[in-house]
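Following: one structure in structure tokens, then a few remarks.
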Amino acid sequence: MGSNSESIADLIEASSGVHFSGLHLDGLEPRYPEGKQMTTSAGEHMHKQPFVIGVAGGAASGKTTVCDMIIEQLRDQRVVLVNQDSFYHNLTQKELKRVHEYNFDHPDAFDTEQLLCAMEKLKHGQAVDIPKYDFKSYKHNMFPARRVNPSDVILLEGILIFHDPRVRDLMNMKIFVDTDSDVRLARRIRRDTFEKARDINMVLDQYSKFVKPAFDDFILPTKKYADIIIPRGGDNHVAIDLIVQHIHTKLGQNDLCKIYPNLYVIQSTFQIRGMHTLIRDAQTTKHDFVFYADRLIRLVVEHGLGHLPFTEKQVITPTGSVYTGVDFCKRLCGVSVIRSGESMENALRACCKGIKIGKILIHREGDNGQQLIYEKLPKDISDRHVLLLDPILGTGNSAVQAISLLIKKGVPESNIIFLNLISAPQGVHMVCKHFPRIKIVTSEIEIDLNKDFRVIPGMGEFGDRYFGTDDDDEQTVVPPQQF
């Protein structure tokens, strides 16, 4: 049990450096209203591409075992494995004569340009022919190439796949398999002597001359680029399970994002999933629920603000230099759906000083009995961009009613950004089909709705848990955890 706990801690620690408001998912799209060049952030193009996972580590660290375990657990998805070893350069006649002096662990041993070309084609939905490198002739034209078709998940495995920044930029997740050097050496000796019938002295000589120095100089330094570090490789089943859960979540999000380019899911990390775990736990105290819910809400609000238009602006710095930056949209207001939506107001005020916030109250009687019974909105709301606040998007019926009211008040559909913590697929379908030009920003896509139209797995009645009106909120005291 102790080793499992350490594995989880290692995973969370390894992912803490990830930019969780947009790991390779935040970009910029041009917009040109009123003759001005304006920009908003947009990640929808990335969503339409496969999920690329890089798996790096030293030779014999267990990279292939980790990849095989991930593939086995993702049996319901289309997954392909691409090995960096397939892209070794063909050796020249001069190099073949001194093959034992050739360093196969050096970055220059790989045809990175060919690897980049193959990966770009796969990411854009094109089939590619991956060469088969023959370690007897040291050439990759001895056997027919392997045809690899486009897939949902691409596993790119190799000792130096994190070395070139162009290759790293292709990845949605980077895993470093961290195995003790003595274990790696023992595995290499066993493999090369038994499987390849090599002399043990030759194996040790190659290790000391090329393998170990290359690991220290080129491979180990790339560990800092990893989003996740897996100690003990394939022996760490807890780590593999967590990674597979994360991939399943991302694939489910990607399916909806492919359908609706106006749906934005903030990039999930193990840190964010840790906070989700806490606020979803029925045993979490009100204090901890509020603390971690506020942190997640702040991330959603900041991501939503990134989708507002802004113009280029130049300022003079204290050194007298000119800095070219941006000037954000000033005609902005928030609208919270009472009462759960009010939990998001503090985060919005913290990000936008002095922002006006309106209110909408919708009485719910069953799933289809929504009735708008109160609204208090800024008089000039039709001239503003509106951030609609409601932490849970379930069936979408209440959201449709709130958005319809805003449009009736003169707010252009494209000026509405709907912010929530979790979204059920049914709600996403409902809102996006009725209003294809609004933006939805959420932190996680749920599995489904139950027979009572409750979001599952969900987090219960958000308003009750947040504002302390849940009778069971103090049953169990759980020590606060840090993420």
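Some values worked out for this structure:
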item: Added length on full extension, which subtracts the Cα-Cα distance from 0.36 nm per residue, LYS376 to GLN245; result: 42.9 nm
item: Cα centroid separation, the stretch 234-249 to the stretch 404-420 (Å); result: 40 Å
item: Around VAL99: net Lys/Arg minus Asp/Glu count, Cβ-Cβ under 12 Å; result: +3
item: Computed label-point distance, nm, for sites GLU72 and THR92 using a 7 Å Cα→Cβ extension; result: 4.4 nm
item: Point-to-point label distance, ASN201-ASN346, nm (Cα→Cβ direction, 7 Å offset); result: 7.3 nm
item: Placed amide H near GLU444: partners under 5 Å, 5+ positions off or other chain; result: SER423
item: Cα-only Debye scattering, the stretch 292-380: base-10 log of I(q)/I(0) at q = 0.17, 0.18 Å⁻¹; result: -0.87, -0.93
item: Sites SER321 and SER208, calculated FRET efficiency, Cβ-Cβ separation with R0 51 Å, nearest 0.05; result: 0.45
item: Highest to lowest packing among 447-460, 374-387, 420-433, scored as the average C-beta count within 10 Å; result: 420-433, 374-387, 447-460
item: Contour excess over end-to-end distance, with Cα ends at ARG280 and GLN314 and 0.36 nm allotted per residue; result: 7.8 nm
item: Gap separating the Cα centres of the stretch 325-400 and the stretch 264-282, nearest whole Å; result: 23 Å
item: Candidate lysines - alpha carbon under 18 Å from LYS250, same-chain residues fewer than 8 apart omitted; result: LYS48, LYS123, LYS174, LYS258
item: Separation of the ARG168 and HIS434 label points, Cα + 7 Å toward Cβ, nm; result: 4.5 nm
item: Computed magnitude of the charge dipole of the stretch 48-243 (debye, nearest 20; Cβ of K, R +1, Cβ of D, E -1); result: 360 debye
item: Cut-off 16 Å, label 7 Å out along Cα→Cβ of LYS356, residues of the stretch 381-404 by amide N; result: 381-388
item: Relative contact order [Cα under 8 Å, 6+ residues apart], the stretch 263-467, whole percent; result: 22 percent
item: Net lengthening on full extension, SER181/ASP216 (0.36 nm per residue, minus Cα-Cα); result: 11.5 nm
item: Cβ-Cβ FRET estimate between THR65 and ARG454, R0 fixed at 41 Å, reported to 0.05; result: 0.55
item: Cβ-defined net charge surrounding VAL301, 12 Å radius [Lys, Arg +1; Asp, Glu -1]; result: 0
item: Three-way shape call for the stretch 48-243 based on the alpha-carbon gyration tensor, with the a/c threshold at 1.5; result: oblate
item: ³J(HN,Hα) computed for each position of the stretch 207-223 - Karplus, 6.51 cos²θ - 1.76 cosθ + 1.60, integer Hz, glycine/proline x; result: 5, 6, 7, 10, 5, 5, x, 5, 4, 5, 8, 10, 8, 4, x, 7, 4
item: Prolate/oblate/rounded call for the stretch 263-467, Cα gyration tensor, a/c under 1.5 rounded; result: oblate
item: Net charge of neighbours whose Cβ lies under 10 Å from the Cβ of SER268, counting Lys and Arg as +1 and Asp and Glu as -1; result: +1
item: Whole-Hz ³J(HN,Hα) from phi, Karplus 6.51 cos²θ - 1.76 cosθ + 1.60, for the stretch 317-326, glycine and proline x; result: 7, x, 8, x, 8, 9, 10, 9, x, 9
item: Residues whose placed amide H lies under 5 Å from that of GLY358, excluding near-sequence neighbours; result: GLY334, VAL335, SER336
item: Extreme residue, positive dipole direction of the stretch 48-243, given options ASN201, ILE228, GLN126 (C-beta unit charges); result: GLN126
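Read the figures in this text as sums done on the coordinates, not as results from a lab. Keep in mind that what you see is a predicted model, and the values were worked out from it rather than measured. Neighbour counts run over all protein chains shown; Cβ positions are idealised from the backbone, glycine included.
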